[in-house]
Each structure stands twice: as structure tokens, then as C-alpha cells.
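J.: Next up is a structure, given as C-alpha cells.
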Amino acid sequence: MADHYAQSRDDGGPMEIPAIRWDEPPEGPVLVLLDQTRLPAAEVELVCTDAPALVEAIRMLAVRGAPLLGIAGAYGVALAAVRGFDVDEAAQALAGARPTAVNLSVGVRRAQTAYQAALSRGGDQKQAAGAALAAARALHREDAEASARMAHHGLALLDELLPGGSHQVLTHCNSGALVSGGEGTAFAVALAAHRAGRLRRLWVDETRPLLQGARLTAYEAARKGMAYTLLTDNAAGSLFAAGEVDAVLIGADRIAADGSVANKVGSYPLAVLARYHHVPFIVVAPVTTVDPGTPDGASIEVEQRAGHEVTEITAPQVPVAGAEAGGGIPVAPLGTQAYNPAFDVTPPELVTAIVTEEGVVSPVTAEALAELCDRSRQVTI
């Protein structure tokens, strides 16, 4: 069944609409997403009534960000189970919706495993669906807790690396509450610094081609009352050269066993700039983003997106003369081919530290990451 839009409430003040929530209206359970393609101009909720609708929402980036994709994947499996659809088929479609973000498949597997375990214990369909939903809700709750712990560890690391406070931090893409069950990953660290009175300025890369920094990170920073400045991606070098960047904070979509970090395209150049200018380059991500099954950066599958994201500018919220709402305004000659990887990979030797809910890995080595993952599994058990 096709998904549909539900207009968000309008109470005259800033709205704190969750990025994702499970709802059970009279017509049946649904998964409700804050449609991130409509931000910042409109706060609209997208209602998914089945797994195919969620798969489409993931592919069109209505819901995005590694931790949130894991949560969405788990809820998607639960949605299929509760509504009586083929759970294995839904799980396969969801897990393959975006190949780079490892959290998506982790979340899908968690809910699918809970569903299958309930059946194997002799439970009926309803009990198995309940188990899948419980697994999704647990993952959602754990991610919120992980976000708070990452913020704590990240702020402590900033204070250690940059004594004296008054940090000027550069971030890329979006890594706040819009990607998390809590307040985010890298953005949560910057927010913690802001609340502690130790953030002088957050530099926000616009993040071409889809402008997640301009549309989403600026949106979140403004709502939190943070001092922030937006810049074009290619202006970052000038900021480094002027000594205006004290640290770089980014999230991650997959971290290989050797510490290679896949994140939004444009992250790797920032790592190179940071190394040249002796600025800490810090990655903030939950342990679920570390993938021991991917040995190194070369083994990470990098999603290639449609060329029109580069050759056109899309403003879905605002009708523009000469373009239909939801269409694109061409900025390149017709037929232009575009190279449009969604992510790039930063090698571990350029990463100062990886901050997780279980602590900080620095220097970044395969051995240190493996030890951290083992410790996390023991805590979970």
C-alpha cells in the first residue's frame, strides 16, 4: 500500500517532531517519518504503511543517516510482521535499500532474528510480530543512550585535545537528531560543547549535491541556538589556512575493520586538509557502525547515486517558474554525465580518533577497534 503525507502540527512555535516514530492509528500500525527532503522549508511527516513504502523513503533520503537507518530497518521488519506481509522478503528489500550504511542491515537482522526466534520457540504470528517490534523499540532506545554517551566522550576528547575551550568546529553533512534515536553522533558532541559554553562557532559545510549541511545541520543548529556559519564545501581550505578550524567532527556510515571510514562524500578532502594543517579529525559513530566483516576501505561498497542530483538543482518545497514542484532546474547542458558517489572513504592514518559510546579509539588501528567491538559485545551479553 502506498504511503501518504500527514501534515505536521502547527502550534506557532518551534516543533520538535521526532525523526521516526511508531504509531498505531485505528486503520493499523504505521511507521511515521519526518520527511527530510522537505526540510527546512516544511515540516511534514511521511507515513509508511508497508516495507516497500519505507524502502522508497530510504532511497529518496526522506529518512537517512546510519543510526536512524538501522532503527528504520528494524521497524520496517516489524511493520511487515504486524501487517502480515512476508517478513523475509521485506527484510531483504530493506537491507539492500542503501548498500554503504551498515547500520541498516544490522537493524534489519536484529528485528528479523527476534521474529524468527519467537516462531522457533513455538510462538504464533502475533507473538513473533510483537518480538520484532520489541527488538526495534529496544534498538531505538539503545541508540538514544549511545548518542548521549558519545556526546560525553567526544566533549571530553575535545577538551583534552583543545584545552581552554572556545572551540571552532567544522562539520560535514548532517549528524544530529535527524540521523539518530537521540541527539546524533558528531553533532551531539558539538551540541554538548555548546551547552557547556565551550563552542565558539560551528562551521557547517553545505554538503553538495543534496545540501544536507545547509538544509539539515543548519536547521538543527538554529533550533538549538548554536552559533553557526554555513560555507560552501570548497571554502573549507580557506578556513583551515586562516586558522579558523580547531577540529573537524564527522559521523560515519561504515567503519571497516582497519579503521577506514566511509562517510558523506567530501569527508576525505577534509581529512587531508586537517592533517596538513595539524587539526584533529574526529569521527563519531556508534559501535554498530563498525563492520568487522569489511576488512578495509577498498572493500566498502560506495553507493553511486543518480547523475541528475548533480546536473539539476531540486527545490521540492518551492514551485519555481520553469520547473514543476519536485522537479529539477538544469544547471548543466542536457546529456551531461555526472560522477556522483554518495560517500568517500578516509584511511585510518588520517583519523585522529573514533568516538563511540564505548569509548575513544586513538590511534585508530585494527587491533584497537577489534578490542572495542569485543568489549561492546561482552557488555551486550
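The values are calculated or read from the model by the stated rules, or taken from the named source; none is laboratory data. This is a predicted model, so every value here is computed, not measured. FYI the Cβ positions are ideal-geometry reconstructions off the backbone, even for glycines, and counts take in every protein chain you see. Surface areas here come from the heavy atoms of the whole protein model, side chains and all, with no ligands, DNA or RNA. Shrake-Rupley method; radii C 1.70, N 1.55, O 1.52, S 1.80 Å.
J.: Could you check how many residues of the stretch 277-295 are under 17 Å from His172 (Cβ atoms) and more than 21 Å from the chain's Cα centre (by Cα)?
T.: Of the stretch 277-295, the ones under 17 Å from His172 (Cβ atoms) are 277, 279-285, 289.
Checking the rest, the ones that are also more than 21 Å from the chain's Cα centre (by Cα) come to 277, 279-280.
Going through the stretch 277-295 one residue at a time, the tally reaches 3.
J.: Quick one: which of Val87, Val77, Val63 is closer than 16 Å to Ser180 by Cβ and open to solvent by less than 30 Å² (accessible area, probe 1.4 Å)? Can you show your working first?
T.: Working: Val87 fails: closer than 16 Å to Ser180 by Cβ; Val77 fails: closer than 16 Å to Ser180 by Cβ.
Testing whether each residue is closer than 16 Å to Ser180 by Cβ and open to solvent by less than 30 Å² (accessible area, probe 1.4 Å) leaves just Val63.
J.: Out of all the residues in the stretch 260-285, which are among the β-branched types (Val, Ile, Thr) and open to solvent by less than 10 Å² (accessible area, probe 1.4 Å)?
T.: Of everything in the stretch 260-285, those that are among the β-branched types (Val, Ile, Thr) and open to solvent by less than 10 Å² (accessible area, probe 1.4 Å) turn out to be Val261, Ile282, Val283, Val284.
J.: Another question, if that's okay. Can you tell me which residue within the stretch 121-158, out of those that are among the basic types (Lys, Arg) and within 30 Å of Ala193 (Cβ to Cβ), is most open to solvent (accessible area, probe 1.4 Å)?
T.: Initial filter on the stretch 121-158 (among the basic types (Lys, Arg)): 121, 126, 137, 141, 149.
Those left that are additionally within 30 Å of Ala193 (Cβ to Cβ): 141, 149.
Details: Arg141: 133, Arg149: 100 Å².
Checked the stretch 121-158; the qualifying residue most open to solvent (accessible area, probe 1.4 Å) is Arg141.
J.: Oh, and also: Going residue by residue through the stretch 286-299, is there one that turns out to be touching a Lys or Arg at 6+ places or on another chain (Cβ under 6 Å) and either open to solvent by 10 Å² or more (accessible area, probe 1.4 Å) or small (Gly, Ala, Ser) (or both)? Walk me through it before giving the result.
T.: Here is the first cut: in the stretch 286-299, the residues touching a Lys or Arg at 6+ places or on another chain (Cβ under 6 Å) are 291.
If we keep only those that are either open to solvent by 10 Å² or more (accessible area, probe 1.4 Å) or small (Gly, Ala, Ser) (or both) as well, we get 291.
Yes: one or more hits.
J.: Is there a residue in the stretch 102-120 that is out of contact with any helix residue (DSSP H, G or I) (no Cβ under 8 Å at 6 or more places or on another chain), closer than 24 Å to Thr207 by Cβ and open to solvent by 20 Å² or more (accessible area, probe 1.4 Å)? Explain how you work it out, then say what you get.
T.: Start the filter on the stretch 102-120 by keeping residues that are out of contact with any helix residue (DSSP H, G or I) (no Cβ under 8 Å at 6 or more places or on another chain), which leaves 120.
Within this subset, residues satisfying the condition of being closer than 24 Å to Thr207 by Cβ are none.
Among the residues of the stretch 102-120, not one is out of contact with any helix residue (DSSP H, G or I) (no Cβ under 8 Å at 6 or more places or on another chain), closer than 24 Å to Thr207 by Cβ and open to solvent by 20 Å² or more (accessible area, probe 1.4 Å), which makes the answer no.
J.: Among the residues of the stretch 48-56, is there at least one that is more than 28 Å from Gln125 (Cα to Cα) and either free of Cβ contacts under 8 Å to residues at least 12 places away in the same chain or open to solvent by 10 Å² or more (accessible area, probe 1.4 Å) (or both)? Before the answer, list the steps.
T.: Just the residues of the stretch 48-56 that are more than 28 Å from Gln125 (Cα to Cα), to begin with: none.
No, because not a single residue in the stretch 48-56 is more than 28 Å from Gln125 (Cα to Cα) and either free of Cβ contacts under 8 Å to residues at least 12 places away in the same chain or open to solvent by 10 Å² or more (accessible area, probe 1.4 Å) (or both).
J.: Continuing with this model, one more query. Failed condition for Val189, given (1) in contact with a Leu (Cβ under 7 Å, 6 or more places away or on another chain); (2) of a type in the set (A, V, I, L, M, F, W, C); (3) over 17 Å from Leu162 (Cβ atoms), with all others met?
T.: Only one criterion in (1) in contact with a Leu (Cβ under 7 Å, 6 or more places away or on another chain); (2) of a type in the set (A, V, I, L, M, F, W, C); (3) over 17 Å from Leu162 (Cβ atoms) is unmet by Val189, namely (3).
J.: Okay, next question. Go through the stretch 64-93 and count every residue that is under 21 Å from the mean Cα position of the chain (by Cα) and farther than 16 Å from Ala135 by Cα.
T.: 5
J.: Next question. Working only within the stretch 200-218, note down all residues that are buried (at least 24 other Cβ atoms within 10 Å of the Cβ) and without any contact (Cβ under 8 Å) to a residue 40 or more places away in the chain.
T.: Leu202, Val204
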